[in-house]
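Please treat every number below as a calculation from the coordinates, not as lab data. These numbers were taken from a predicted model, which means no experiment stands behind them. Virtual Cβ from ideal backbone geometry, glycine too; neighbours counted across all protein chains shown.
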Amino acid sequence: MEHTFSQLYIHIVFSVKHRERLISRIWKEELYKYISGIITNKGQKLYIINGDMDHIHLLIGMYPDKTLSDLVRDIKANSSAYIKEKGLVKGPFHWQRGFAAYSIGKSELKRLLDYIKGQEVHHQGHTFAEEYEHFLTKYNIEFDKKYLFKE
């Protein structure tokens with residue numbers, strides 16, 4: 001897109017369906033590399049990817065030529081197919097239907113990069129559900145708890 005200038009940082013979070021702990025520490029780096037390739041092939045910039053056994057955080061520099069929903073749909077569909085093709089999980093594997101996404105300012109990048117890097121340590125003391133609710137509250141996103149993780 002000629003003559004279009006933007007700086008859009010998006011923090012994306014989504015989980016395994018029913019928050020099952022299916023992402024193994026043995027193959028998560030392989031999955032992250034695959035997801036990185038999806039993002040790059042879609043013309044977007046990945047700053048960091050990390051998570052825990054039941055969810056993933058992405059920090060992406062978005063270009064305005066794609067929609068966020070299409071990008072996340074493609075990440076989830078292609079990575080789910082990859083997990084199934086490689087036989088990384090016994091039985092079915094699905095991501096949750098929705099996702100959370102937050103725009104952040106450049107001044108928040110360092111703090112968020114550190115936070116995403118430290119996911120394993122962070123989740124020794126906090127569940128994914130607690131973390132998810134924290135971000136929704138922090139970014140003033142209205143939600144009803146009874147529908148938060150309903151599939």
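The ranking of Asp70, Asp54 from fewest to most other beta carbons within 10 Å of each one's beta carbon is Asp70, Asp54. The charge dipole of segment 8-147, taken about the Cα centre with unit charges on the Cβ atoms of Lys, Arg (+1) and Asp, Glu (-1), comes to about 260 debye, rounded to the nearest 20. Which one, Pro64, Ser103, Thr40, is farthest towards the positive end of the dipole of the chain when Lys and Arg carry +1 and Asp and Glu -1 on their Cβ? About the Cα centre, the residue reaching furthest to the positive side is Thr40. One decimal place: the segment Arg97-Glu142 gains 14.4 nm when fully extended, by the rule 0.36 nm per residue minus the C-alpha distance. Basic side chains Lys and Arg get +1 at the Cβ, acidic Asp and Glu get -1 at the Cβ, and with that the dipole of segment 24-86 about its Cα centre reaches some 80 debye. What is segment 48-120 by shape, rounded, prolate or oblate, if you read a ≥ b ≥ c off the alpha carbon gyration tensor as root eigenvalues and call it rounded for a/c under 1.5, prolate for a/b larger than b/c, and oblate otherwise? In terms of gyration-tensor shape, oblate.
Taking other C-beta atoms within 10 Å as the exposure proxy, Met62, Met53 rank Met53, Met62 from fewest upward.
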